[in-house]
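One structure is given here, and the rest of the page talks about it.
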Amino acid sequence: MSGTEAVMQAVRVAQYNSKKRKIVRFCGSYHGFWGEVQPGVGNPMPARDTLTLADMSPLALEVLRTRRDIACVLINPLQALHPNRAAPADSGLLDSSRHASFEREAYTQYLHEIRRICTERGIALIFDEVFLGFRIARGGAQEYFGVQADLVTYGKTLGGGFPVGVVCGKARWMRRFREDAPADICFARGTFNAHPTVVAAMHAFLKRLDMPEVDAVYQGLDERWRLRLALFNARMDEAKVPVRAAGFSSVWTILYGRPNRYNWMLQYYLRAEGLLLSWVGTGRLIFQAGLSDADFDDICARFVRATCSMQDDGFFWCGDAVTDRDLRRDITRELVVARLGRLWPGRSLPALQQQSTR
Ligand SMILES: Cc1ncc(COP(=O)(O)O)c(C=O)c1O
């Protein structure tokens with residue numbers, strides 16, 4: 001199973017056991033590419049059973065309190081870093097308006113409230129820990145926020161690099177048959193389910209969790225990453241570059257302090273310094289949770305060199321009076337001109353620009 005399939009399975013057992021059909025997810029959260037949990041751009045079909053609610057909103061809580069058809073609520077705790085926004089990608093770096101910050105207390109309270117409502121209303125609370133499981137605490141987001149979910153999905157690191165997706169949870173929610181109705185079952189099948197190599201990798205991973213040196217990584221983890229974040233931002237400040245980071249434990253996102261449409265170029269400057277970012281371009285940094293201080297220091301030094309080079313080359317400057325709004329307007333205009341250019345090939349640029357401003 002993959003993480004996507006683990007989420008599909010968790011939702012299915014929640015629907016089966018609650019006898020309800022609606023799925024609640026929060027705006028901007030990622031739960032894999034399955035259509036029902038990925039409505040909108042990139043999914044050609046409407047997600048009929050999914051309600052996408054505003055994250056950290058009292059109105060969302062009201063929906064949970066009052067509707068009778070909700071089977072489950074999906075939580076991706078990474079959302080706490082940028083509620084209601086998707087993970088940063090290069091397209092979001094065409095201006096500097098993106099912001100992010102992690103308010104642990106507020107998010108903890110919100111999760112506790114959701115937990116309370118789900119218990120009252122017979123809704124399955126699903127923590128999707130595919131990304132953060134074993135990263136932010138040994139017991140994942142459940143331990144970190146002090147909330148017990150009904151169902152939890154894991155993936156990624158648990159398989160130690162092998163393809164993996166896991167669903168676990170309370171017996172009441174994991175049931176896939178009814179004693180009094182033997183034909184009424186809930187399917188959970190797949191050629192690769194319980195694949196021996198993957199199961200062996202998970203076993204090795206879980207055994208390592210009990211080793212003292214791995215346990216040591218979890219001691220003071222949150223504090224260590226908070227200090228590192230402060231240190232990183234102080235070094236950016238010292239270097240006088242308009243780059244800062246916001247972070248949730250060892251997952252960070254880069255923020256830009258000055259309107260600029262070339263932020264996405266930072267990834268190439270970083271690459272020149274030997275730092276290769278994941279596919280989400282310049283927006284996100286996912287550190288190894290057990291990174292040493294020496295390696296962290298080395299990364300900071302490379303970051304300083306990359307940002308200073310980018311600044312020296314003039315790519316942090318877009319004009320003194322330019323605002324993010326101006327940049328977005330310019331980009332929209334350019335997109336329209338490019339589109340018109342495809343519709344009417346051969347027309348001159350000024351003519352097309354005139355057309356786009358009409
Ligand atoms: C929170 C979360 N859920 C589900 C998935 C989907 O997992 P997979 O890519 O293994 O299908 C991901 C993948 O990034 C994820 O971050």
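Every number here is computed from the coordinates shown, using simple stated rules; none is lab data. Here the structure is a predicted model, which is why all the values come from computation and not from measurement. Neighbour counts are summed over all protein chains in view; Cβ atoms, including those assigned to glycine, are modelled from backbone coordinates with ideal geometry.
Straight-line reach from K20: which lysines have Cα under 30 Å away, leaving out those fewer than 8 places along the same chain?
Within reach: K156, K170.
Counting pairs of Cα atoms in region 39-175, how many percent are more than 22 Å apart?
45
If you place +1 on the Cβ of every Lys and Arg, -1 on the Cβ of every Asp and Glu, and leave all else neutral, what size is the dipole of region 235-286 about its Cα centre, to the nearest 20 Debye?
140
Have a look at L64, Y262, F248 and report the one farthest towards the positive end of the charge dipole of the chain, computed about the Cα centre with Cβ charges (Lys/Arg +1, Asp/Glu -1).
The Cα lying farthest towards the positive end belongs to L64.
Looking at the square roots a ≥ b ≥ c of the eigenvalues of the Cα gyration tensor of the chain, which shape do they give, rounded for a/c under 1.5, prolate if a/b is larger than b/c, or oblate?
oblate
Before rounding to the nearest 500, sum -39500 (n - 2.57) across all DSSP H runs of length at least 4 in the chain and divide by the residue total; then give [θ] at 222 nm in deg cm²/dmol.
Helix-only estimate at 222 nm: -13000 deg cm²/dmol.
Rank by packing, highest mean first: peptides 319-326, 147-154, 28-35, with packing defined as the count of other Cβ atoms within 10 Å averaged across residues.
147-154, 28-35, 319-326
R0 = 35 Å: FRET efficiency of R67 with E179, Cβ-based, nearest 0.05?
0.75
Determine the dipole magnitude for the chain: charges of +1 sit on the beta-carbon of Lys and Arg, -1 on that of Asp and Glu, nothing else is charged, the reference point is the Cα centre, and the result goes in debye to the nearest 20.
1320
Read phi for every residue in region 7-22 and hand back ³J(HN,Hα) as whole Hz from Karplus 6.51 cos²θ - 1.76 cosθ + 1.60, θ = phi - 60°, with x for Gly and Pro.
Each residue's phi maps through the Karplus curve to give 5, 4, 5, 4, 5, 5, 5, 5, 5, 5, 7, 8, 6, 10, 10, 7 Hz.
Under the Kirkwood approximation for Rh and a Cα-based Rg, what ratio Rg/Rh is obtained for region 14-59?
0.98
³J(HN,Hα) across region 37-52 via Karplus (A = 6.51, B = -1.76, C = 1.60, θ = phi - 60°), whole Hz, x for Gly/Pro?
Here the 3J(HN,Hα) series is 9, 10, x, x, 3, x, 10, x, 10, x, 8, 6, 9, 10, 10, 9 Hz.
Hey, if you put +1 on the Cβ of every Lys and Arg and -1 on every Asp and Glu Cβ in the chain, which of F205, F316, A338 ends up farthest toward the positive end of that dipole?
Positive-end residue among those listed: A338.
Send over the semi-axes of region 220-358's equivalent ellipsoid, whole angstrom and largest first, taken as the square roots of 5 times the C-alpha gyration tensor eigenvalues.
Over the Cα atoms of region 220-358, the semi-axes work out to 38, 15, 14 Å.
In debye, nearest 20, what is the charge dipole magnitude of region 38-140 about its Cα centre with +1 on Lys and Arg Cβ and -1 on Asp and Glu Cβ, if you could check?
That gives region 38-140 a dipole magnitude of about 240 debye.
Count the DSSP beta bridges whose two residues both fall in the chain, then state the antiparallel fraction as a percent rounded to the nearest 5.
Counting DSSP beta bridges with both partners in the chain, the antiparallel share is about 55 percent.
Quick one: 3J(HN,Hα) in Hz for region 115-124, Karplus 6.51/-1.76/1.60 with θ = phi - 60°, rounded, Gly and Pro as x.
Along region 115-124, the couplings run 4, 4, 5, 4, 5, 4, 9, x, 9, 7 Hz.
Provide Rg and Dmax in Å for region 1-120, with only Cα atoms included in the calculation.
Taking only Cα atoms of region 1-120, I get Rg and Dmax of 14.8, 46 Å.
Would you please put 242-254, 172-184, 299-311, 41-53 in order of how densely packed they are, using the mean number of other Cβ atoms within 10 angstrom per residue and starting with the highest?
242-254, 299-311, 41-53, 172-184
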